[in-house]
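Undergrad: Please see the structure below; I have some questions.
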Amino acid sequence: MKTYLGSCHCGAVRFEADIDLSLETLRCNCSMCKKIRWWAAIVKPESFRLLCGASELGDYQFHRRVEHHLFCRHCGVRPFSIGQSPRLGKFYGVSVACLDGVSDEELSWVPVRYVDGRNDEWDKAPAETGYL
C-alpha cells in the first residue's frame, strides 16, 4: 500500500489515495469506459482524499445513475469516479493514468482485470479485450 498523489491535466483537481498497485486494476467495456479508455484502481472512501478542486469538477451520470463520472471543467480529464455497488458498497475508481510520479515501467507491471460491464457481467471478462 502506498499513498499516491494524482491530478487532472491542468492541476485544478488534485487528490491523494492509498493504493496497492500490485493488486488488480480494472478496465471495462461498458459504453462509457470504452469511449474514455478508463483504467481504474478501486479504493474505499477512507483511502481517498480530494485535496483541491471540488468546485472545478463536473459530474456526468447515465443509465442507473449510481456512478458519478467526474471530470475537470477546465481540461476535461477524468481523475476519479464515485460509485455504489452491491458487492463493494461505496467506492472510488481512481484513474491510474492520473497518478503523478508513477513511471511507465511501474505502470507496465500493474495487473489488469477486464470486466464485461456492457452486459452487467462484472465477474466476467468480455470475449475481446485488446481494444480496452
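Undergrad: With the cut-off at 1.5 for a/c, could you classify the stretch 57-100 from its C-alpha gyration tensor as rounded, prolate or oblate?
TA: Oblate, since a/c reaches 1.5 and b/c is not below a/b.
Undergrad: Right, something else. Report in % the part of the accessible area of the stretch 19-78 that belongs to carbon and sulfur, leaving out ligands and nucleic acids; probe 1.4 Å.
TA: Of all accessible area on the stretch 19-78, carbon and sulfur atoms account for 51 percent.
Undergrad: Nearest 5 is fine: what % of DSSP beta bridges in the chain come out antiparallel, could you say? Write down the numbers at each step before the final one.
TA: On the way: 29 of 33 bridges.
Around 90 percent of the beta bridges assigned by DSSP in the chain are antiparallel ones.
Undergrad: Please work out, to two decimal places, the log10 of the ratio I(q)/I(0) at q = 0.15, 0.25, 0.26 Å⁻¹ from a Debye calculation in which every Cα of the stretch 70-132 carries one identical scatterer.
TA: Values returned for q = 0.15, 0.25, 0.26 Å⁻¹ are -0.67, -1.22, -1.21.
Undergrad: Just add up the charged neighbours of V110: K/R +1, D/E -1, any other residue whose Cβ is under 13 Å from the Cβ of V110.
TA: On the way: positive: K2, R27, R113; negative: D20, E24, D104, E105, E106.
The answer is -2.
Undergrad: Could you work out the local net charge near H74, counting Lys and Arg as +1, Asp and Glu as -1, over the other residues with Cβ closer than 14 Å to its Cβ? Don't skip to the answer; put the middle values down first.
TA: Values: positive: R14, R73, R78; negative: E56.
Summing Lys/Arg as +1 and Asp/Glu as -1 gives +2.
Undergrad: Something else: At 1.4 Å probe size, with every protein chain present, just tell me what the per residue accessible area of the chain comes to in Å².
TA: For the chain, the solvent-accessible area averages 58 Å² per residue.
The values are calculated or read from the model by the stated rules, or taken from the named source; none is laboratory data. Everything numeric here is computed off the predicted structure, so don't read it as measured data. Note that each Cβ is placed from the backbone with ideal geometry, even for glycine, and that neighbours are counted across all protein chains shown. Ligands, DNA and RNA are stripped out before the accessible areas are found, and what is left, the full protein with its side chains, is counted by its heavy atoms. Shrake-Rupley method; radii C 1.70, N 1.55, O 1.52, S 1.80 Å.
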